[in-house]
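A.B. asks: Before we start, here is the structure in question, set down as structure tokens.
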Amino acid sequence: MEQRELQLSSLIRATIFVRNLEKATAFYRALGFEETYLDMVLDHPSASQVIGLPQHHPYPARILKQPGPNFGMLGLFELSPAQGAAEVDRGDGAARIGEVALVFYVRSLERTLPLLERAGARWMPDPQTFQMGDFSVRETCVRDCDGTLLSLIERPPEDQLRTTPPPVS
């Protein structure tokens, strides 16, 4: 069998542009991003150019990860309107067209949700049982301290290693 050359990796990192790096770090540490992969100030003009900012202003960045391989990381980049960064009106509440949600498996919603609330979660409806055929999971959505939407699914985190979806009838 001929081995195919990969044209795309798995998702390496999601980047969230935040108002306050320390507050955002505390929130994602509460979720379980224990390790710091990179912590620096991005001071080269290319750092602003690559994200489309009209002028360069150095900005702090921190990449968080869980123990293990370097994929599924989370980049937190602190920007402000003074740098020419416009704010997205995420507000609170339900998902909006064009919005992205970060999806995570958590072992226990009952243990995780109070930690996130103390860390600044802005919106957190009660968990629901999400039904797909005979398969069901408990799930809820949360908004972080900057309004980024997260979907939390109550499943063993090691299920992320599955290579096939759960059976759905």
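The values are calculated or read from the model by the stated rules, or taken from the named source; none is laboratory data. Remember, predicted model here, so these are calculated numbers, not experimental data. Note that each Cβ is placed from the backbone with ideal geometry, even for glycine, and that neighbours are counted across all protein chains shown.
A.B. asks: Since MET40 meets every condition but one in (1) in a strand (DSSP E or B); (2) within 19 Å of THR148 (Cβ to Cβ), which condition does it not meet?
C.D. replies: If we test MET40 against (1) in a strand (DSSP E or B); (2) within 19 Å of THR148 (Cβ to Cβ), just (2) comes out false.
A.B. asks: When the residues of the range 78-133 are narrowed to those that are of a type in the set (Lys, Arg) and in contact (Cβ under 8 Å) with a residue 24 or more places away in the chain, which ends up surrounded by the fewest Cβ atoms within 10 Å (Cβ to Cβ)?
C.D. replies: Of the range 78-133, the ones of a type in the set (Lys, Arg) are 90, 96, 107, 111, 118, 122.
Narrowing further to those that are in contact (Cβ under 8 Å) with a residue 24 or more places away in the chain: 90, 107, 118, 122.
Details: ARG90: 17, ARG107: 13, ARG118: 11, ARG122: 18.
That would be ARG118.
A.B. asks: Additional query: Looking only at the range 50-70, decide whether some residue is assigned to a loop (DSSP other than H, G, I, E, B), among the hydrophobic types (A, V, I, L, M, F, W, C) and farther than 23 Å from ARG143 by Cβ.
C.D. replies: Here is the first cut: in the range 50-70, the residues assigned to a loop (DSSP other than H, G, I, E, B) are 50-58, 66-70.
Now drop any that are not among the hydrophobic types (A, V, I, L, M, F, W, C), which leaves 50-51, 53.
Next cut, farther than 23 Å from ARG143 by Cβ only: 50, 53.
There is at least one residue in the range 50-70 that is assigned to a loop (DSSP other than H, G, I, E, B), among the hydrophobic types (A, V, I, L, M, F, W, C) and farther than 23 Å from ARG143 by Cβ.
A.B. asks: While we're looking at this one, here's another question. Restricting to the range 79-117, name every residue that is in contact with a helix residue (DSSP H, G or I) (Cβ under 7 Å, 6 or more places away or on another chain) and either within 21 Å of ASN20 (Cβ to Cβ) or among the aliphatic types (A, V, I, L, M) (or both).
C.D. replies: GLU87, VAL106, LEU115, LEU116
A.B. asks: Only one residue in PRO45, PRO54, PRO60 is free of Cβ contacts under 8 Å to residues at least 12 places away in the same chain, over 14 Å from ASP146 (Cβ atoms) and not assigned by TED's automatic domain parsing to the domain that holds PRO157, so which one is that?
C.D. replies: One residue alone meets the criteria, PRO45.
A.B. asks: Within the range 1-34, track down each residue that is within 19 Å of GLU117 (Cα to Cα) and assigned to a loop (DSSP other than H, G, I, E, B).
C.D. replies: Listed by number, the residues that qualify are ARG19, ASN20, GLY32, PHE33, GLU34.
A.B. asks: A further question follows. Do any strands (runs of 3 or more DSSP E) lying entirely in the range 111-169 carry at least 3 residues that are of a type in the set (A, V, I, L, M), modelled with pLDDT of 90 or more and touching a Cys at 6+ places or on another chain (Cβ under 9 Å), and which ones are they? Step through it out loud before you land on a result.
C.D. replies: Working: elements: 128-132, 135-143, 149-154.
Counting at least 3 such residues, we get 149-154.
One line per residue, one yes/no per condition, for (1) over 17 Å from the mean Cα position of the chain (by Cα); (2) of a type outside the set (Phe, Trp, Tyr); (3) more than 16 Å from GLU154 (Cα to Cα); (4) assigned by TED's automatic domain parsing to the domain that holds LYS23:
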residue	(1), (2), (3), (4)
ARG90	no, yes, yes, no
GLU110	yes, yes, no, no
ALA121	no, yes, yes, no
MET124	no, yes, no, no
